Structure formats: structure tokens, C-alpha cells
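Input: a single structure, listed below in C-alpha cells.
The values are calculated or read from the model by the stated rules, or taken from the named source; none is laboratory data. Nothing here was measured: the structure is a model prediction, and the numbers come from that model. Because the Cβ atoms are built from the backbone with ideal geometry, glycine has one as well, and the counts that use them run over all protein chains shown.
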């Protein structure tokens, strides 16, 4: 009797695993990133943006999490373009050309469609750590 129960569990486990594997949700993405998005990602990496900013709550804490900056109220593509182009007191002007800026903005728009940041801004402590019970 116990052997049959275990065999049933194994069958259910494998059936569920196959279902999850073949029916996986790709989130809100409209496909794989195109060449422009990938170029923006390369700019993000080459300029070491993750040293100060986070995506999905991962990265530095000098600047804000940019996961959902494209859809945030009062923000968007023009807002991102201006900040990247001009810099701020805390964020330097990296002297990117128009193409690099537009590709970086397109990358951040693509990231925005992929999900939500998992770490709320109020949960980040002054030390860069965050509270899970926030």
C-alpha cells in the first residue's frame, strides 16, 4: 500500500514538473530582446550602472531601483533620457551619445515589462541591506 502511494507521488511529481517546464510563463515580455535592447544592456554593463542602481532589487544602493522606472507615475522615457543625458548632483554625466542613450532607455523599458522590483524602497536600510519583514 505504501509503495503504491510513493509511486503515485513520483508520477504526480514528474507530471507536474513536465507541466511547469512546458507551460512556463515568460512574464510580460513580448519575446526576446532585440538588438537595440541588447545594445542598451551592453551600455548598462560597460558604464557599470549596477554599481549604483538596482534591477529587481539587485545592485548598488546609491541610486534608485530602475526596474519599473519606465512605467512609474511621473517618470517614463523622457524622464530617463534627461537624467541619463544631463546627470545629477549624485549621478555623473557619462557623455553618452544619442544612440547609446536611446538604447539604454529601450533596455530599461524592456526590463520594466519583465516584472516588478522585489525590494520596496522603504525596506532598504542606510547600510545597503534590506529588511525582509518590511
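Condition test on residue 29, is it over 19 Å from residue 81 (Cβ atoms), at pLDDT below 85 and within 16 Å of the chain's Cα centre (by Cα)?
Taking the combined requirement at face value, the residue satisfies it.
If you take the residues in region 79-97 that are in contact with a helix residue (DSSP H, G or I) (Cβ under 9 Å, 6 or more places away or on another chain) and either modelled with pLDDT under 90 or assigned to a helix (DSSP H, G or I) (or both), which one is nearest to residue 110 (Cα to Cα)?
Result: 80.
Could you tell me whether residue 71 is modelled with pLDDT of 90 or more, surrounded by 10 or more Cβ atoms within 10 Å (Cβ to Cβ), touching a helix residue (DSSP H, G or I) at 6+ places or on another chain (Cβ under 8 Å) and closer than 21 Å to residue 110 by Cβ? Walk me through how you get there before you give the answer.
Working: modelled with pLDDT of 90 or more: yes; surrounded by 10 or more Cβ atoms within 10 Å (Cβ to Cβ): yes; touching a helix residue (DSSP H, G or I) at 6+ places or on another chain (Cβ under 8 Å): yes; closer than 21 Å to residue 110 by Cβ: yes.
Against the criterion (modelled with pLDDT of 90 or more, surrounded by 10 or more Cβ atoms within 10 Å (Cβ to Cβ), touching a helix residue (DSSP H, G or I) at 6+ places or on another chain (Cβ under 8 Å) and closer than 21 Å to residue 110 by Cβ), residue 71 qualifies.
Can you confirm whether region 41-49 contains a residue that is closer than 26 Å to residue 90 by Cα, out of contact with any helix residue (DSSP H, G or I) (no Cβ under 7 Å at 6 or more places or on another chain) and at pLDDT below 90?
Within region 41-49 (the criterion being closer than 26 Å to residue 90 by Cα, out of contact with any helix residue (DSSP H, G or I) (no Cβ under 7 Å at 6 or more places or on another chain) and at pLDDT below 90), the answer is no, since none of the residues qualifies.
Name the residues in region 44-71 that are within 19 Å of residue 102 (Cβ to Cβ) and either assigned to a loop (DSSP other than H, G, I, E, B) or within 15 Å of the chain's Cα centre (by Cα) (or both), would you? Show your work before the answer.
Keep residues of region 44-71 that are within 19 Å of residue 102 (Cβ to Cβ), which gives 44-47, 49, 53, 55, 66, 69-71.
44, 45, 47, 49, 53, 55, 66, 69, 70, 71 - these are the residues of region 44-71 that are within 19 Å of residue 102 (Cβ to Cβ) and either assigned to a loop (DSSP other than H, G, I, E, B) or within 15 Å of the chain's Cα centre (by Cα) (or both).
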